[in-house]
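These notes are about the structure you will find just below.
Where a number appears in this text, it was derived from the coordinates with a stated rule and is not lab data. Remember, predicted model here, so these are calculated numbers, not experimental data. Cβ placement follows ideal geometry from the backbone for every residue including glycine, while neighbour counts extend to all protein chains displayed.
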Amino acid sequence: MSKNILNLVGTFVLSLVLSLFLPWWSIMLAAFITGIVISLKKAAVFFIPFVAVFLYWAIYCYVLSSANDFILAKKISELLTIGGNPYLLILVTGLIGGIAAGLSGILGKQVSIIIKSK
């Protein structure tokens, strides 16, 4: 199994488990830990955790919103002036989580480099 897929699955699963016990920032902790343990190269350092958390948050938001027929998502998307579209809200939510995880993955890679140099 390649490091990219291993990091993607690891970040996804660790985000899922940590989210059961910790607040929203647990996704950043998951990306940080997998960034240290499973070293990636170049742009994959950002994009693999980004994709993992984007998928996790988008799927989780869809499941939660579909349970109440997207009523709350429609109201929140109206408050955020994105046209009352719940699917656009799910996309924005996934993007925010993905960016946070991607930056944490970069930080994890940098810490891994520091640890290996000593």
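Here the chain is assigned +1 on the Cβ of each Lys and Arg and -1 on the Cβ of each Asp and Glu. Its dipole about the Cα centre then comes out at about 580 debye. Where q = 0.09, 0.19, 0.22 Å⁻¹, what log10 of I(q)/I(0) comes from the Debye formula for the chain, counting one point per Cα? With one equal scatterer per Cα and no solvent, log10 I(q)/I(0) is -0.27, -0.90, -1.09.
In region 3-117, a dipole from Cβ-located charges (positive for Lys and Arg, negative for Asp and Glu) runs towards its positive end, and of V37, S66, L16 it is V37 whose Cα lies farthest in that direction.
Counting pairs of alpha carbon atoms under 8 Å apart in space and at least six apart in sequence, what relative contact order in percent does the chain give? It rounds to 36 percent for the chain.
For region 1-71, trypsin sites (Lys or Arg not before Pro) meeting the loop criterion (DSSP other than H, G, I, E, B) and having at most 16 other Cβ atoms within 10 Å: K41, K42. Across region 109-118, computed HN-Hα scalar couplings (Karplus, 6.51 cos²θ - 1.76 cosθ + 1.60, θ = phi - 60°) run 5, 5, 5, 4, 5, 5, 5, 6, 6, 8 Hz from first to last residue, x flagging Gly and Pro. Qualifying chymotrypsin sites (Phe, Trp or Tyr not before Pro) in region 10-118, where qualification requires a DSSP coil assignment and no more than 14 other C-beta atoms within 10 Å, comprise F21, W24, W25.
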